[in-house]
Amino acid sequence: MRVLVTGGAGFIGSHLCEMLAERGDTVFVLDDLSTGRFENIEHIPDITCIVDSTLNQEIVRDLVREVDVVFHLAATVGVQLVVNHPIRTIVNNIQGTETILEEACRYRRRLLITSTSEVYGKGTNTAFNENDDRVIGPTHRHRWCYAASKAIDEFLALAYWHEKRHPVVIARLFNTVGPRQTGRYGMVIPTFARQALLNEPLTVYGDGKQTRCFAYVGDVTPALVTLMDRTDLQGAVYNIGNNEPVSMEELAKRVIARAKSNATIRYVPYEQAYGPGYEDMRHREPCLKKIREAIGYQPKTSLDEILDAVIADTRNRLQHDV
Ligand code: UDP
């Protein structure tokens, strides 16, 4: 197949491109390299990378016409980036997806859109299910613009399915992690790994009792490919993630132990980390029943295995100064 991956030079996108190329697909990447890096994909044979934005409708049209299917991953992500650049977040995420949907529909190309567990917001359920209500904070708290922008993407995609029967499927990703993810935009595991290897204090935000479930990118990308391949799974949303909650305090201790580091832990108030009025989710865990029943999805990689992979990758990057 001929495949377009928007955001293909990013962390998840590059792993997806690798997998598609390995199975013999011809892969085109559209990435503005704002947070992605060409180095993430340059080792993939015969890949074509177009450095441009999903906001460039002509480019999007030309590319979509050339391929069979489109994976839309390009987005402004990362809590730090979102809080610092809310305009960029809202415009890129909404207008970019609108453009992709319009062109995919024009040429009738099957489409997968990646969304995020952020859309569940501050809900307090033990495990979020795709049909749960969403609890989003007020509009003056910039953090929520990301959740709102991705929710609009979902609404729009489902509207295309509903009104035009355009084949589109949505994957809600829960804290995907693994090699090549950078801590530069806020993500916690690469941040902790870097701090541990440099023997700097690990910055645990808030009281450290908040929990997350981290999914390995190597478990997530095959699920994306299967969701796309299965033409009977259109017009729906699927959670993808892991079911092993860990508090940030425990995570910091685990990273220190696995990196054999002497680093200490420093508790940093949220307002110092992200500015005044920041709101975090206390717990976030996916219900995986729907994706399990649909495609037999089962995360395979444990948190310790994930940490070992990220620590090894971070060590390598530090040696090469990237
Ligand atoms: N976090 C932390 N220290 C850091 C970066 C993040 O304690 O240096 C916390 C953050 O406040 C959140 C959790 O780790 O509670 C996960 O943050 P991340 O940005 O990776 O993902 P998200 O907030 O989207 O779940």
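Quick rundown of the values:
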| quantity | calculated |
| --- | --- |
| Gain upon complete extension [Thr231, Arg282; 0.36 nm per residue less C-alpha separation] | 14.7 nm |
| Gaussian network model of the chain, springs between alpha carbon atoms under 10 Å - residue of Pro190, Pro201, Pro167 with greatest fluctuation | Pro201 |
| Net charge contributed by nearby residues that have their C-beta within less than 10 Å of Cys213 (K/R +1, D/E -1) | 0 |
| Relative packing of 303-312, 73-82, which averages over residues the other C-beta atoms within 10 Å, highest first | 73-82, 303-312 |
| Charge context of Val83, other residues only, Cβ under 10 angstrom, K/R +1, D/E -1 | +2 |
| Proxy reagent accessibility, fewest Cβ within 10 Å first, across Ile113, Ile94, Ile189 | Ile94, Ile189, Ile113 |
| Distance histogram in 20 Å bins (all Cα pairs of the chain, percent per bin) | 33, 60, 7 |
| Sorted by Cβ neighbour density within 10 Å, fewest at the top, the residues Cys17, Cys49, Cys287 | Cys287, Cys49, Cys17 |
| Volume per residue of the C-alpha convex hull in the stretch 226-322, rounded to whole Å³ | 178 Å³ |
| Trypsin sites (Lys or Arg not before Pro) within the stretch 1-83, DSSP loop, no more than 14 other Cβ atoms inside 10 Å | Arg23 |
| Solution diffusion estimate, µm²/s, Stokes-Einstein, the stretch 271-322, Kirkwood Rh from C-alpha pairs, 20 °C, viscosity 1.002 mPa s | 142 µm²/s |
| Positive-end residue, the chain charge dipole about Cα centroid, Cβ charges, pick of Ala263, Val51, Thr89 | Ala263 |
| For the stretch 115-269, alpha-carbon Rg and Dmax in angstrom | 17.8, 58 |
| Helix-only CD estimate at 222 nm, as mean residue ellipticity for the chain, using -39500 (n - 2.57) per DSSP H run (n ≥ 4) | -13000 deg cm²/dmol |
| Under 21 Å, Cα to Cα: Lys pairs in the chain, sequence gap 8 or more or different chains | 7 |
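The numbers here are math on the coordinates, done by the rules we state, and not lab data. Just so it is clear, the model here is predicted, and its values are computed rather than measured. Virtual Cβ from ideal backbone geometry, glycine too; neighbours counted across all protein chains shown.
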